[in-house]
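What follows is a short report on a single structure.
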Amino acid sequence: MQVNTKSQVRAMPAARSLAREKGLDLAAISGSGPEGCILKKDVEAYRAAPAAAPAASGPAKVTSLARKLAQQKGVDLNAVQGSGPRGRVTKADVLRAAAAPTPAGGALGGRKVPATSMRKTIARRLSASAFTAPHIYFFSDVKMDSLLALYKDIKQEILERHGVKISVNDLLIKAVALTLEEFPNVNASFDGENIEMWEDVNVGLAVALDEGLIVPAIASANIASLWEIASQRADLVDRARDRKLSADEIQRGTFTISSLAQYEITHFTAIINPPQSAILSVGKTQEKVVAENGQVVVRQVATLGLSVDHRIIDGAVAAQFLTSLKKKLERPALMFMELG
Amino acid sequence: MSRIITYAQALNEALAYCMEQDDSVFVMGEDVGRYGGIFQVTAGLQDRFGVDRVMDTPISEAAFVGGAVGAAMTGMRPVVEIMFIDFITVAMDMVVNQMAKMHFMFGGRAKVPMVIRVNIGAGRGTAAQHSQSFHAIFQHIPGIKIAMPATPHDAKGMLIEAIQDDNPVLFVEHKKMYIDKGEVPEEAYTVPLGKAKVVRPGKDITVVATLNMVAKALTVAEELAAQGVDMEVIDLRSLCPLDREAVLTSVRKTGTLITADEGCHTGNMGAELAALVAEQALDSLQAPIVRVAGPDTPVAFSPPLEQAFIPSEQDLKDAVARVLEYL
């Protein structure tokens, strides 16, 4: 399945072609050409040192000490004139730049840093989503005790049998994928004219990198077994951190999960990742006092949020989706034994 | 043995050689006989071969081009001179509907082995009706070979080849190049039509040029080599057959294309090459294609305006600078 393969990034054909051949995502590459156009040499530079990923037109040479220092002091190396041999940026240059008042700031004298091509892409896509898709939001408290118990029960066995370490997130991905199967309207895209209901269910997982969010998608999560999901997820997240994802791995997503469970966040709203139509936001799982059958008990509770594109998903459908997901998570036996 | 002669003398030698070798070759045009041609390309030929084979014509391009088509179909090998390419418009029916079509319309049983020599180019103060460079128009007419020699050597070799070719050939010269000098062998030889020549190999930027733009490109290439820019200069030499492979091979190597031809910008030879690259080598492009060309205006009589019209070495440098922004 192809989703939104038409990239809106400005790139020369040779750069585009090389990125396609090597399976690189242009959105992650900074362009050094006129108007931020991505050049062939930018793609080559990215391939050579993806983690650094500086624009090829940046300072030709930087000493490693200067680079480290620049990072500590928040100095933009692109703006530093090198005084070393062949224009190499040295420690002294960085210290001078850090001490000097930044010339190019706005009225308040702030430091202006040009946005990376990736940041601009994120900005453009999320603005487009926020301003074209009317979002509506739904929240539900989910008791995670059974799911956590299941996780504890099976993780060792799966590790032994498949050599894969599963996480609670993988169970969540599976539950979401099975719920998407039930709601084809949620696993869909609207272009203003037609609604495209995707056959595949590829669940994207938002991964936060220093330079921005990237969302690799787990392919066919509805039919993949749990250990397959875990192994795909681990691989994709690792490669996302190394900037080695292919364009397809990013573009194939049909739904996104954004989790801030590791932070002290109870719940939040998320912007839909276009061209998708819905996104799930996951807050921290924490102990809460709840009433159950007239008794006060303590449960592990997480608040799930669902943002949907109201143009094609009505409130009732969204509510049913979230209710069905909650049911699967609270009573995981139903989901994995296909008992309905 | 080679010696240094002019472009006009090289053409003259080619004509003389072909007329000696083959009685069916004859020359026809305005002032080509007694006067020796406005640029002296046919100087001395009438004395040598007589008035029957070097004919002065009235100012009537349609008549003598049409006459040449008929002569060619009935066994002769006419070489027609049109004083300036501007005047070929008077004979367009003969060129487009007759000369270019007869071989096809007779199912291959008729041949039209003739050459029309024309010259293009501004720079001689001859104003809007004697300075045009609209040779690319004929690229759009199937059935005409188009030769554009850029050196005295190629002028001689390609003219002999054109006269011996059984197809009609439009032989495009540049009026500012007739006095250009270069090494030319005394003996006869041919240079094939439809074969471009890499006159300066390079790895960074491809420049495909015609006629005197080739020399300008070479000058710029040498100048920029000192700054570390390695330009490849290709002399296209023919518009038809078009040596597509030569252009594509170079563009695939450098990822760039600059075209240089004096024709007006819109629809000139560079437009066809840009389309070719877009169709067959788009993925190689590292930078925008840039065309160095004349502006879309008539050529002015005013000398400063005429100079402004002519694509210059500076225009080429500007084009290279634009491409370098992407490399």
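No lab work stands behind these numbers, since they all come straight from the coordinates. Note that the structure is a prediction, hence the values are computed from the model and not measured. Cβ placement follows ideal geometry from the backbone for every residue including glycine, while neighbour counts extend to all protein chains displayed.
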*When a/c is below 1.5 the answer is rounded, else prolate if a/b is larger than b/c, else oblate, so apply that to region B:2-185 with a ≥ b ≥ c taken from the square roots of the Cα gyration tensor eigenvalues.*
rounded
*For the pair A:Ile154 and A:Lys68, what calculated FRET efficiency results from E = 1/(1 + (r/R0)^6), where r is the Cβ-Cβ distance and R0 = 41 Å, to the nearest 0.05?*
0.40
*Size of electric dipole in region A:215-340: Cβ of Lys, Arg +1 and of Asp, Glu -1, about Cα centre, debye, nearest 20*: 120 debye
*Got a sec to turn the phi values of region B:28-33 into Karplus ³J(HN,Hα) couplings, 6.51 cos²θ - 1.76 cosθ + 1.60 with θ = phi - 60°, whole Hz, x for Gly and Pro?*
8, x, 7, 6, 7, x
*asked:* Between A:Ala316 and A:Tyr137, what is 0.36 nm times their sequence separation minus the Cα-Cα distance? Round to one decimal in nm.
replied: 63.3 nm
_Relative contact order for chain B: what percent, with Cα pairs under 8 Å and sequence separation of 6 or more?_
16 percent
*asked:* Please give the Cα centre distance for region A:250-298 versus region B:256-312, rounded to the nearest Å.
replied: 59 Å
*Residue of A:Val308, A:Val317, A:Val62 that the Gaussian network model of chain A assigns the largest fluctuation, springs spanning Cα pairs under 10 Å*: A:Val62
*Sum -39500 (n - 2.57) across every DSSP H segment of at least 4 residues in chain A, then divide by the residue count to get the 222 nm mean residue ellipticity, nearest 500.*
-11500 deg cm²/dmol
*For chain A, with a Gaussian network of springs between Cα atoms less than 10 Å apart, report the residue from A:Gly204, A:Gly110, A:Gly192 with the top mean-square fluctuation.*
A:Gly110
*Which distance in nm do the two modelled labels at A:Phe268 and B:Ala300 give, with both placed 7 Å along the Cα-to-Cβ direction?*
6.4 nm
*Would you mind checking A:Lys22/A:Lys73; A:Lys120/A:Lys328; A:Lys152/A:Lys326; A:Lys120/A:Lys165; B:Lys111/B:Lys253; A:Lys41/B:Lys145 for any pair whose Cα atoms are more than 30 angstrom apart?*
A:Lys22/A:Lys73; A:Lys120/A:Lys328; A:Lys120/A:Lys165; B:Lys111/B:Lys253; A:Lys41/B:Lys145
*Working from Cα positions, state the angle (0 to 90°, nearest 10) between the long axis of helix B:212-225 and the longest principal axis of chain B.*
20 degrees
_From the phi angles alone, apply the Karplus equation (6.51, -1.76, 1.60; θ = phi - 60°) to region B:172-186 and give each ³J(HN,Hα) in whole Hz, x where the residue is Gly or Pro._
9, 10, 10, 5, 7, 9, 4, 9, 4, 10, x, 6, 9, x, 5
*Kindly provide the helix-only [θ] at 222 nm of chain B, computed as the sum of -39,500 (n - 2.57) over DSSP H runs of four or more divided by all residues, to the nearest 500 deg cm²/dmol?*
-9500 deg cm²/dmol
_Stokes-Einstein translational diffusion, chain B - Kirkwood Rh over all Cα pairs, 1.567 mPa s, 4 °C, in µm²/s_ = 65 µm²/s
*Using only Cα atoms, locate the centre of region B:1-45 and the centre of region A:136-153, then give the distance between them in Å, rounded to an integer.*
96 Å
*Please compute the net charge surrounding A:Val43, taking Lys and Arg as +1 and Asp and Glu as -1 over other residues with Cβ under 11 Å from its Cβ.*
+2
*On Cα atoms only, tilt of A:117-132 relative to the major axis of chain A in degrees*: 40 degrees
*Could you check what % of the DSSP bridge pairs in the protein assembly as shown are antiparallel, to the nearest 5?*
50 percent
*How big is the gap, in Å, between the Cα center of region B:80-108 and the Cα center of region B:160-199?*
20 Å
*Take every DSSP beta bridge whose two residues both sit in region B:2-185, then give the antiparallel share in percent to the nearest 5.*
20 percent
*Whole-Hz Karplus ³J(HN,Hα) for region B:55-69, in order, using 6.51 cos²θ - 1.76 cosθ + 1.60 and θ = phi - 60°, x for Gly and Pro?*
9, 7, 10, x, 7, 7, 4, 4, 5, 7, 5, x, x, 5, 4
*Rel. contact order, % - alpha carbon contacts under 8 angstrom, at least six apart, chain A*: 19 percent
*Points 7 angstrom from Cα along the Cβ direction at B:Glu186 and B:Val51: gap in nanometres?*
3.4 nm
*With chain B treated as a Gaussian network of Cα nodes joined by springs under 10 Å, which of B:Ala14, B:Ala287, B:Ala225 yields the largest mean-square fluctuation?*
B:Ala225
*Is region A:135-336 best put as rounded, prolate or oblate by its Cα gyration tensor, with a ≥ b ≥ c the root eigenvalues, rounded for a/c under 1.5, and otherwise prolate when a/b is larger than b/c, oblate when not?*
oblate
*Compute the signed sum of charges (Lys and Arg +1, Asp and Glu -1) over the other residues within less than 12 Å, Cβ to Cβ, of A:Val94.*
+4
*For region B:2-185, what relative contact order do you get, as a whole percent, if you take Cα pairs closer than 8 Å and at least 6 residues apart?*
29 percent
*Please list, in chain and number order, the residues 5+ apart from B:Glu173 or on another chain whose amide H is under 5 Å from its amide H, with Hs placed from the backbone.*
B:Val118, B:Asn119, B:Ile120
*How high is the FRET efficiency between B:Tyr35 and A:Asp191 when r is their beta carbon distance and R₀ equals 60 Å, given to the nearest 0.05?*
0.25
*Identify the chymotrypsin sites (Phe, Trp or Tyr not before Pro) of region A:230-277 meeting these criteria: DSSP loop state and at most 10 other C-beta atoms within 10 Å of the C-beta.*
A:Tyr263
*asked:* Please list, ordered by chain and number, the residues whose modelled amide H lies under 5 Å from the amide H of B:Met55; skip anything fewer than 5 residues away on the same chain.
replied: B:Val27, B:Met28, B:Gly29
*Mind giving me the FRET efficiency for A:Ala115 and A:Val297? R0 is 56 Å, r the Cβ-Cβ distance, nearest 0.05 is fine.*
0.70
_Placed amide H near B:Asp230: partners under 5 Å, 5+ positions off or other chain_ = B:Lys203, B:Asp204, B:Ile205
*Over region B:197-324, what is the percentage of antiparallel beta bridges among all DSSP beta bridges, to the nearest 5?*
20 percent
*Work out the mean other chain Cβ neighbour count within 10 Å for the residues of A:34-42 and drop it here as an integer.*
3
